[in-house]
Amino acid sequence: MIAEVGILGFGHAVPDTIRHNDDPLFAALPPAGPFTGFRERRVLAAGERVETLGVRAAQAALADAGVPATAIDRLYGAVSPAEHLLPSGLFALHAELGLRRDATVVPIHSEFTNFVVALTSACEAVAAGRCERALVVAAAGWSRLVDYADAGAFGIGDGAGAVVVGRGGLFRFVDEIGETYSELREAMTVQVRRPRCAAEGSDPRPTYVFEAPARRVYAELGTAAPSRLWSALLARHGLSPAEVALITHQPNRPALDAWQAQLGPAELPSVVEALGNCTLATAAIVLSLHARALQSRHLVLMGLGCGQNFSALLLRRA
């Protein structure tokens with residue numbers, strides 16, 4: 001039964017460099033609007049690799065689970081941005097962790113729902129008997145992708161989170177649900193262009209574009225879609241919000257306050273003040289930091305994606 005499959009170990013890693021709110025990089029930003037609630041964020045320094053964060057988080061999860069790297073059958077997740085456009089940075093993790101040659105690498109490029117989708121896929125693979133243990137890693141270095149002329153860049157931090165999946169574990173898989181508004185996929189994109197904050201004559205680079213269309217879609221779906229997924233998932237299993245904790249993508253403090261007010265979870269742990277918005281790695285990092293301290297028997301992991309894709313996963317404490 002899939003209910004027997006769960007998370008065996010947790011891990012996370014963040015860079016040493018701290019960027020405070022008074023950093024000169026933020027001097028040209030427009031008014032923050034909803035992008036508030038940050039005190040500091042961790043960012044990669046020059047020469048540091050996103051892949052290294054992923055390796056550190058994975059090693060911590062393996063140690064927490066008491067599972068050697070050679071016991072992993074599949075590696076799921078994402079490294080974004082990786083050293084190369086292709087292949088996925090997960091292949092670097094496979095090599096640096098010393099995984100077996102027959103351990104399959106499964107990149108999930110659904111920014112920012114990567115962790116939720118990858119964890120769901122790993123649980124399903126173990127439940128189906130296709131593997132015994134899987135490693136799920138989400139590593140993010142989006143401080144290198146955002147345009148520091150956009151208000152949304154103010155809170156961006158870097159980091160990685162990981163879990164080991166197998167039979168048993170502290171939290172067991174129960175169910176998943178999603179919504180996709182693919183007609184709105186152009187609202188938030190990464191394009192090769194010169195950031196608006198860059199000096200004249202600077203070379204184009206991969207840049208996250210979050211402009212007026214993105215702000216409109218964010219306002220339209222940012223609370224409404226998570227609310228629908230939360231309500232539907234809880235209704236399927238006869239749960240009330242007061243029985244369920246929520247760990248989700250954390251773009252800013254006002255978004256968390258809105259979800260707390262409208263969804264009403266029993267617990268909503270956050271890293272916004274201390275680590276900022278770690279994009280696709282946020283939920284994995286929050287889970288690693290807070291899973292064992294949660295009081296609720298049930299937990300929903302929620303992801304909100306750039307393709308206007310929304311994913312939620314229900315877990316039950318063993």
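The values are calculated or read from the model by the stated rules, or taken from the named source; none is laboratory data. Every value quoted in this text rests on a predicted model; they were computed, and no experiment measured them. Here the Cβ is made from the backbone with ideal geometry for all residues, glycine too, and neighbour counts use every protein chain on show. Please note that ligands, DNA and RNA were not included when accessible areas were found on the heavy atoms of the full protein model with its side chains. Shrake-Rupley method; radii C 1.70, N 1.55, O 1.52, S 1.80 Å.
Of note:
- Dmax and Rg, reported as Rg then Dmax, of the chain (C-alpha, Å): 18.5, 59
- Residues considered: T282, T36, T70. Largest GNM mean-square fluctuation over the chain, using C-alpha springs under 10 Å, is found at T70.
- Shape class for segment 175-312: prolate, because the ratio a/c of the largest to smallest gyration tensor axis (alpha-carbon atoms, square roots of eigenvalues) is 1.5 or more and a/b beats b/c.
- Dipole moment magnitude, nearest 20 debye, segment 237-318 about Cα centre, only Lys, Arg, Asp, Glu C-beta charged: 240 debye
- For L44, distant residues with modelled amide H under 5 Å away: D158
- Dipole magnitude of segment 64-109 about its Cα centre (Cβ charges: Lys, Arg +1; Asp, Glu -1), debye to nearest 20: 120 debye
- Whether segment 1-57 is rounded, prolate or oblate, judged on the alpha carbon gyration tensor where a/c under 1.5 counts as rounded: oblate
- Average silhouette area of segment 8-93, convex hull of alpha-carbon atoms, in square nanometres: 8.0 nm²
- Multiplying the residue separation of R236 and Q262 by 0.36 nm and removing their Cα-Cα distance gives an extension gain of 7.5 nm.
- Local electrostatic count, Q308, Cβ distance below 14 Å [Lys/Arg +1, Asp/Glu -1]: -1
- Subtracting the Cα-Cα distance of T180 and E40 from 0.36 nm times their residue separation leaves 47.2 nm of extension gain.
- With a Förster radius of 25 Å applied to the C-beta separation of T17 and Q59, the computed FRET efficiency comes to 0.75.
- Packing around the peptides 208-217, 119-128, taken as the average count of other Cβ atoms within 10 Å per residue, puts them in this order, highest first: 119-128, 208-217.
- Here the extension length gained between V190 and H109 equals 27.9 nm, from 0.36 nm per residue of separation less the Cα-Cα distance.
- Using Cβ point charges alone (K and R +1, D and E -1), the dipole size of the chain about the Cα centre works out to roughly 460 debye.
- Residue-averaged [θ]222 nm for the chain, counting only DSSP H segments that reach four residues, each worth -39500 (n - 2.57): -8000 deg cm²/dmol
- With Cα atoms as the point set, the radius of gyration and Dmax of segment 124-168 evaluate to 16.8, 48 Å.
- Accessible surface, segment 182-255, averaged per residue in Å² (probe 1.4 Å): 51 Å²
- Extreme residue, positive dipole direction of the chain, given options F154, Q295, G33 (C-beta unit charges): Q295
- Heavy-atom accessible surface of the chain: percent carbon and sulfur, 1.4 Å: 53 percent
- Seen through its C-alpha gyration tensor, with square-root eigenvalues sorted a ≥ b ≥ c, segment 74-124 comes out oblate because a/c lies at 1.5 or above while a/b is not bigger than b/c.
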